[in-house]
Amino acid sequence: MRRLVALVSLVALPACLGAWQDTDPRATVRALVDAGKLDEAIAAARTAGPDLASVLGETLVLRGRLAAADSALRDAVARQAPGWRSAAVALAELAERRGDHDDATRRARALTSAYEQSASGWSSTDRVAAGRAYLLQTRGNAGAVRSALAAFDAAYAADPNNFDARLRAGELFLDKYNWPDAKTSFEEVLRKAPDNARALLGLSRVASFSGDGPATPLLRKSLEKNPSLVPAHLALARLHLSAEAYDSATMAVRAALAVDSSSIGAWSLLGAIAWLQRDQNQFVQVREAVKRLNPRPAEFYAELAEAAVGHRRYADGITLAREALTLDSTSLRALGLLGNNELRTGQIEQGRARIERAFAIDPFNLWHKNTLDLLDQLKTFTTIETPRFRIIAPPEESGLLAAYLVPLLDEAYDSLAARYHYKPQGPIRIELYKAHADFSVRTMGIAGLGALGVSFGNLLAMDSPSARPRGEFNWGSTAWHELAHAFTLGSSDHRVPRWLSEGLSVLEERRARVGWGAGPTAEFIAAYGSGRLRPVSQLNDGFVRPRYAGEVQLSYYEASLVAEMIEREMGPKAIVDMLAAYKDGLTSPAVFARVLKLTPAQLDAKFDAWVKARFASPLRAITATDSGKVLGGEFVQAMRSGAEYLSRKQADSARAALERAEALFPDYAGANAPAQYLAGLAMERGDLKEALAQITRVTTRYETAWDANVMELQLREKLGDTLGTRPVLERLLWISPYDVELHGKLAELATRAADHKTALRERRAIVALNPPDPIDARYQLARALAASGDVASARRELLAVLEQAPSFEKGQALLLELRAAQVKSTP
């Protein structure tokens, strides 16, 4: 009967409750708990009598009635009532919750010792209790983690309808950052019980962790099925908090506390909200409430540290994590937070030491393992120091990448410092990774991050151009984007909201070079026109709580338009003043009021009108279904017609359709833009000038357009446009810098124009690429050095060349020429 009950729909609960009470009161209580009816569950457990003391005690714990829970649990253990082993481990968990680690460990060891002596006689529920007891002994005991998982697996094998066993295994996997196995566990439960709230919560956590789909709908469904599930309320609060929606976060925490007023996790989140809002009175009240529950609340400060880091306040995160460690020096959460954030702020040795200590305590933590492996690899990287930057890159790429990055970053630094009236303190550390998985680990501890770069303020990490297929990203604009964060974060004391910092970085990309930065796409126009993008006042949600695939990327471009509108309508000083206001601790509504003289609603309306005026034609010409998956409208129809005519070889009709599409959306230059096809049609009919005019619409708007830039280069060479080829070569090399021939062409053009700086960069890049003829490459570098006036360096380069190839005649001749010139110039 128990197995049948577990599969009954909770919607039918009231109708069948009487039958359950007659046959299995324990199942009745559990069903009420699963439905979030805790008070009814407590009443049912009391009515059923002393045999349900263990279930009663655990339900009272969920309700936050700890004194009554303690009494019921002790009674169950003393009488060895049914489920008494669950009561025993619940008492150990309560001791741990109070901060009495010794008592918790003593109780847990008593259980696991008994389990190890005679596990065969233990029920499925008892085996879950053993697993819970092992989890209380995991500090510095790797075997306890394995034993806990084995106990949960054994419990599930003994009773495949004991969903608690499978759920606890999934939660353990998630705690160790093993989301694929966690997902499998939760999905297995949902196949049998589609409304299981804990499994839905688990999948929501998996989605947040892995980026595999939106997490919020699963979380809300979890709360719909069990309104008393405190961890779900707290997960929702954290999502609100990450979006800086403090009122919504507070409501979610209050809902958790209404269920369990003893939840240290809930009180800690409430303290984090107060700390972020600088509400000192509220913060002190919350801290004292936590101390009454646990006199040494390390988890309270760890929660504060995590909230600080989530708001990009990395230095504060370090301070708060250290405070947590003063209360509990073995807190894995605090050690991990401290170590990872020391690494993020460039304190590599200190951070490594913390992570090593955390890993020694828990060798199953995937984040810590991956980070330590990466730090071992990082030791082999080459470091290039300049007065402003410290570039760390794989040795085989460091020379090439630094040759390009150093002048670009210096240019960016000067531009950004002038615009934001701020200069970061100390050298900025930039790490480049040949493997995207390594960059991902550096950022979030696991492989799979979709971003190209990340900024922690004065530490930037990004993919090297070799980490991605050619044409997938522009490493120059990525570097400029991440450096811009160092200025907007620094000038606001890391208080600028995510949407504005990201929007400014994308805007800075567009200012840096022609064609860099995101531009409008049909997907953006369709999403905006159908109301699927957030208003400015809720734009943070588009980054941290996406509702559909692609919303994050669309939010980047939208945020850049907001920043652009503010600058155009109110002047560049408005942005600087906004950053200063955030530094003063003001919320976004207060910043809008002080600087922009607008309420959030007024700013939303102003931006909406600005976008609709700027993109009036494409907004009329592009529509989308409610789901946004199917695009329609006149532009889409024109593009489809053009493609159909092309497939039929009807060039004139295709051209007319594509020109119509281009007129409807002239700014669009992404993949499969009308201009790309029109350029090809012009090439076919031999109209090179028209082809060039069309293809430049793509290359000057689409930063990763490798094939389009190659076409433009070929067209300019055919037309004899030597001057026009230089910017094309530059664009190609910022997409992928590994083509020796392209560097050679640019070096020759720069030499003819007496642009010695560019010529030197290109010759150094060729040498760094280990070309087929390295002797000639170094000889050409020596010539460029001599032409720039650096005769001493040119001679050193030539001597190195002749040491490798003593009979190299061109090198000998140039060396003699330099000596003669030196003698002639000597007084």
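In this rough spin-label picture, where each label sits 7 Å from Cα along the Cβ direction, the Ser210-Ala613 distance is 4.7 nm.
Kindly list the residues of the stretch 668-709 that lie in the label zone of Val514, defined by a backbone N under 13 Å from the point 7 Å along the Cα-to-C-beta vector. Within reach of a label on Val514: 693-702. Take the Cα of Gln80, go 7 Å toward its beta carbon, and the backbone nitrogen atoms of the stretch 115-151 under 14 Å from that spot belong to 115, 118, 121-123.
Bridge orientation summary for the chain: considering DSSP beta bridges with both residues in this region, about 50 percent are antiparallel.
Length available on full extension from Leu366 to Arg191: 0.36 nm per residue minus the Cα-Cα distance, which gives 60.2 nm. Volume of the convex hull of the stretch 564-680 (Cα atoms only), normalised per residue: 142 Å³.
Modelled spin-label separation between Thr380 and Gln602, with each label point placed 7 Å from Cα along the Cα-to-Cβ direction: 6.0 nm.
Residue separation of Val740 and Asp790 scaled by 0.36 nm, minus their Cα-Cα distance, works out to 15.6 nm of gained length.
Averaging the sequence gap over all C-alpha pairs within less than 8 Å and six or more residues apart, then dividing by the number of residues, gives the stretch 417-507 a relative contact order of 28 percent. Across the stretch 484-498, the residues whose backbone nitrogen lies under 19 Å from the label position 7 Å along the beta-carbon direction of Val576 are 484-496.
Pulled fully out, how much extra length does the chain show between Ala43 and Arg139, if you take 0.36 nm times their separation in residues and subtract their Cα-Cα distance? Walk me through the numbers before you get to the answer.
Working: separation 96, 0.36 × 96 = 34.56 nm, distance 3.75 nm.
Result: 30.8 nm gained on full extension.
The chain: longest stretch without exposed chymotrypsin sites (Phe, Trp or Tyr not before Pro) (DSSP loop, at most 15 other Cβ within 10 Å), sites themselves excluded? Longest stretch, sites excluded: 1-547.
Distance from the Cα centroid of the stretch 279-314 to that of the stretch 578-628 is 33 Å (rounded to whole angstrom).
Computed on the stretch 388-460, the Cα convex hull volume stands at 95 Å³ per residue.
Evaluated with a Cβ-only charge set (Lys, Arg +1; Asp, Glu -1), the stretch 732-777 carries a dipole of roughly 220 debye about its Cα centre, given to the nearest 20.
In deg cm²/dmol, rounded to 500, what helix-only [θ] at 222 nm does the chain give when every DSSP H run of at least 4 residues adds -39500 (n - 2.57) and the total is split over its residues?
Details: 45 runs with 583 residues, N = 827.
Dividing the helical sum by the residues of the chain leaves -22500 deg cm²/dmol.
So with the 1.4 Å probe, I'd like the accessible area per residue for the chain, rounded to whole Å².
Ligands and nucleic acids excluded, the result is 42 Å² per residue.
The distance between label points at Glu803 and Ala643 comes to 5.9 nm (points 7 Å beyond Cα on the Cα→Cβ vector).
Counting only DSSP beta bridges with both residues in the stretch 373-435, tell me the antiparallel percent, nearest 5. Can you show the working numbers first?
Values: 4 of 8 bridges.
Roughly 50 percent of the beta bridges in the stretch 373-435 run antiparallel, per DSSP.
Taking the Cα centre of the chain as origin, work out the dipole magnitude from +1 charges on Lys and Arg Cβ and -1 charges on Asp and Glu Cβ, in debye rounded to 20.
760 debye
Using the eigenvalues of the Cα gyration tensor, what equivalent ellipsoid semi-axes result for the stretch 689-827 when each is taken as the square root of five times the eigenvalue, whole Å, largest first? Each step should come with its number before you reach the end.
Working: eigenvalues 244, 49, 25 Å².
Equivalent ellipsoid of the stretch 689-827: 35, 16, 11 Å, largest first.
A 26 angstrom limit on the alpha carbon distance is what I want to check against. Which of Lys423/Lys573; Lys192/Lys225; Lys583/Lys612; Lys379/Lys423 exceed it? The pairs that break the limit, which is 26 Å between Cα atoms, are Lys583/Lys612; Lys379/Lys423.
Would the stretch 688-759 count as rounded, prolate or oblate if I go by the C-alpha gyration tensor, calling it rounded below 1.5 in a/c and otherwise prolate when a/b exceeds b/c, oblate otherwise?
On the way: a/c = 2.12, a/b = 1.37, b/c = 1.55.
Oblate, since a/c reaches 1.5 and b/c is not below a/b.
Given the choices (1) 13, 34, 30, 19, 5, 0; (2) 15, 48, 32, 5, 0; (3) 13, 39, 31, 14, 3, 0, P(r) over Cα pairs in 20 Å bins from 0, in percent derived from the coordinates of this structure is entry (3). Reducing the stretch 714-791 and the stretch 158-184 to their Cα centroids gives an inter-centroid distance of 57 Å.
Simple rule: put +1 on each Lys or Arg Cβ and -1 on each Asp or Glu Cβ in the stretch 283-377, find the dipole, and look at Gly346, Tyr314, Leu293; the Cα lying farthest toward the positive end is Leu293. Share of carbon and sulfur in the accessible area of the chain stands at 52%, probe radius 1.4 Å.
The values are calculated or read from the model by the stated rules, or taken from the named source; none is laboratory data. Given the structure is predicted, the values throughout are model-derived calculations rather than measurements. Virtual Cβ from ideal backbone geometry, glycine too; neighbours counted across all protein chains shown. Only protein heavy atoms, including side chains, enter the accessible area calculation; ligands, DNA and RNA are left aside. Shrake-Rupley method; radii C 1.70, N 1.55, O 1.52, S 1.80 Å.
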